[in-house]
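The values are calculated or read from the model by the stated rules, or taken from the named source; none is laboratory data. Being a predicted model, the structure only gives us computed values, none of them experimental. Here Cβ is always computed from backbone atoms with ideal geometry, including for glycine, and neighbour counts include all displayed protein chains. We work out accessible area using only protein heavy atoms, side chains counted, and drop any ligands, DNA or RNA first. Shrake-Rupley method; radii C 1.70, N 1.55, O 1.52, S 1.80 Å.
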Amino acid sequence: QVQLVESGGGLVQPGGSLRLSCAASAMIVSLNAMGWYRQAPGKQRELVASIDLIFGTTNYGDSAKGRFTISRDNAKNTVYLQMNSLKPEDTAVYYCNRFPQPLLSWGQGTQVTISS
């Protein structure tokens with residue numbers, strides 16, 4: 001099964017930026033589409049953005065529109081999430097997984113904390 005490893009999280013001030021990476025252990029094109037998800041403390045995991053790995057079509061959750069950009073590099077088996085104008089409410093653990101049906105196994109995620 002494909003293994004997914006997220007990285008790039010950290011602590012940044014409101015208004016700052018981060019670029020998350022999701023490296024897959026196998027050809028991600030076989031997954032057809034990927035998504036970035038996040039889970040804040042006490043909340044359910046939610047979809048942030050998704051991308052079709054063949055056509056590059058993207059979709060964003062309302063909280064991400066205009067601030068986040070999802071992209072992929074199929075040759076590197078990597079999906080990215082560029083996050084700008086970050087807000088405290090973006091604080092969460094961010095995960096990548098297949099979209100719309102996630103793989104049974106989730107990665108460890110990467111912590112994003114927005115605080116002054």
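For the pair Ser116 and Glu46, how long in nm is the line joining their label points, each one 7 Å along Cα→Cβ?
Output for this residue pair reads 2.3 nm.
If the reach is capped at under 24 angstrom between alpha carbons, list the lysines near Lys43, excluding any in the same chain fewer than eight residues apart.
Straight-distance partners of Lys43: Lys65, Lys87.
Using 15 Å as the cut-off for backbone N distance, which residues of the range 73-116 belong to the label zone defined by a point 7 Å from the Cα of Phe55 along Cα→Cβ?
Those under the cut-off are 100.
Per residue, how many Å² of accessible area does the chain show with a 1.4 Å probe?
Here the per-residue accessible area is 52 Å².
Where the accessible area of the chain is counted over protein heavy atoms with a 1.4 Å probe, how much of it, in %, is carbon and sulfur?
49 percent
Please figure out what share of the DSSP beta bridges in the chain is antiparallel and state it in percent, rounded to the nearest 5.
Once the DSSP bridges in the chain are tallied, antiparallel ones form about 90 percent.
Give me the distance between the Cα centres of the range 1-22 and the range 73-116, rounded to whole Å.
Between the Cα centre of the range 1-22 and that of the range 73-116, the gap is 6 Å.
Which whole-number percent gives the relative contact order of the range 1-55, counting Cα pairs below 8 Å spaced six or more residues apart?
Rounded, it is 28 percent for the range 1-55.
Run the numbers on the chain and let me know its relative contact order in percent, using alpha-carbon pairs under 8 Å that are six or more apart.
36 percent
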